[in-house]
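Input: a single structure, listed below in structure tokens.
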């Protein structure tokens with residue numbers, strides 16, 4: 001019950017700071033754009049065949065093309081969800097550690113571990129519900145308009161949420177150590193948009209540099225850290241391939257190595273929070 005009370009408090013904080021409302025409005029805005037796009041997209045397009053004659057092509061009968069469209073949407077959703085989720089949740093823990101807020105929580109019969117666990121669960125639940133709302137909405141719009149119900153697109157809900165879960169570990173460590181939401185956001189964005197793509201392309205970089213030593217260094221940095229770019233590729237493969245082929249076409253190495261990375265960051269976060277002088 002204590003844990004649930006802290007989760008509920010995190011939700012109320014999200015409502016008070018308009019975090020949940022902002023998530024909802026942004027997602028709804030893009031869903032409305034998708035509805036308009038679905039309404040005004042024609043069922044057929046006219047193309048010239050090799051003989052030069054006009055030919056009517058049905059837009060929604062090519063399953064491979066529909067999967068490609070959904071893969072494009074998945075890339076956009078993954079990018080937007082991570083950017084917005086980092087921005088929206090980075091301040092939750094630093095705000096909790098402010099004088100007055102943390103004093104009030106510590107004055108109650110609740111342990112520091114319960115406080116941190118409740119804040120983590122509340123933050124992740126806010127993000128998860130928003131991702132579920134948006135992806136299920138897009139899946140329904142796409143399915144109703146095209147008749148193509150791709151379960152892989154629905155499964156992206158899990159992979160994108162998982163990506164944020166593993167990124168939230170370093171966010172916690174930075175937030176607890178610095179008590180700064182701005183620093184947390186900056187460092188996570190630097191990692192997400194600069195360091196992670198470099199590490200994901202480490203083999204190509206080392207080949208261009210003709211340096212085995214560089215590859216070794218990049219590998220040493222790569223494996224202990226979360227792998228958002230590799231997990232994004234996994235999401236695309238969920239969409240592009242039927243469920244029956246997932247086990248053969250999807251590389252699950254980023255999943256378990258990111259899980260180990262997240263475990264290390266979450267453990268460090270709990271240790272730092274327990275030792276923090278409030």
Quiz item: Among the listed residues 198, 217, 186, which satisfies the condition of being farther than 30 Å from residue 136 by Cβ and within 18 Å of the chain's Cα centre (by Cα)?
Solution: 186
Quiz item: Within the set of pairs 6 or more residues apart or between chains, which connect a residue that is farther than 17 Å from residue 139 by Cα inside segment 50-76 to a residue that is at pLDDT 70 or above and loosely packed, with under 11 Cβ neighbours inside 10 Å with Cβ atoms less than 7 Å apart?
Solution: 59/42
Quiz item: Residues 120, 102: which one is crowded, with 23+ Cβ neighbours inside 10 Å and either at pLDDT below 90 or over 20 Å from residue 22 (Cβ atoms) (or both)?
Solution: 120
Self-check item: Any chance residue 172 is assigned to a helix (DSSP H, G or I), on the phi < 0 side of the Ramachandran plot and at pLDDT 95 or above
Solution: yes
Quiz item: Does residue 189 count as modelled with pLDDT under 95, surrounded by 13 or more Cβ atoms within 10 Å (Cβ to Cβ) and at negative phi?
Solution: no
Self-check item: Leading residue by the ranking (farthest from residue 152 (Cα to Cα)) among those in segment 192-224 that are touching a residue at least 24 places away in the same chain (Cβ under 8 Å) and buried (at least 18 other Cβ atoms within 10 Å of the Cβ)
Solution: 199
Quiz item: Which of (1) crowded, with 17+ Cβ neighbours inside 10 Å; (2) under 25 Å from residue 245 (Cα atoms) is the odd one out, the single condition residue 175 does not satisfy?
Solution: (2)
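The values are calculated or read from the model by the stated rules, or taken from the named source; none is laboratory data. Small disclaimer: the values here were computed from a predicted structure and weren't measured. As a convention, Cβ positions derive from the backbone with ideal geometry for all residues, glycine included, and neighbour counts pool all protein chains shown.
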